[in-house]
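These notes are about the structure you will find just below.
Values quoted throughout were computed directly from the atomic coordinates according to the rules given, and no laboratory measurement underlies them. All figures in this text were calculated on a predicted structure; none of them were measured in a lab. Don't worry about glycine lacking a Cβ; one is built from the backbone with ideal geometry, like all the others, and counts go over all protein chains shown.
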Amino acid sequence: MDDDVVEPGNAIRWELGASSWGTKKQDALKRFIEREYPWTSVLTVSHRIGLTICNPHVPGDTDRLNELLDSVDVVWTPAPRRA
């Protein structure tokens, strides 16, 4: 779940290469995981956590997180790099 784009400035934290620049982070990571781990299934949701939503028909943070976590077996987050 992310709503940001891979750019040259944040590429140091996103080691997917220049071919991912200009791509939504969730889509770049989905393509990488599906290419490297073809037995996995990746669901992406475009949603910015903490965004104020005034429309009752638009799902909020809790709804989106529950939607994602209902069928999750593993949640992977890369460890931060040490300098």
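Structure summary
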| quantity | calculated |
| --- | --- |
| 222 nm mean residue ellipticity, helices alone, for the chain (DSSP H n ≥ 4; -39,500 (n - 2.57); rounded to 500) | -7500 deg cm²/dmol |
| Whole-number D in µm²/s for the chain (Stokes-Einstein; Kirkwood sum over Cα pairs; 20 °C, 1.002 mPa s) | 148 |
| Positive-end residue of SER46, THR23, HIS57, charge dipole of the stretch 22-83 with Cβ unit charges | THR23 |
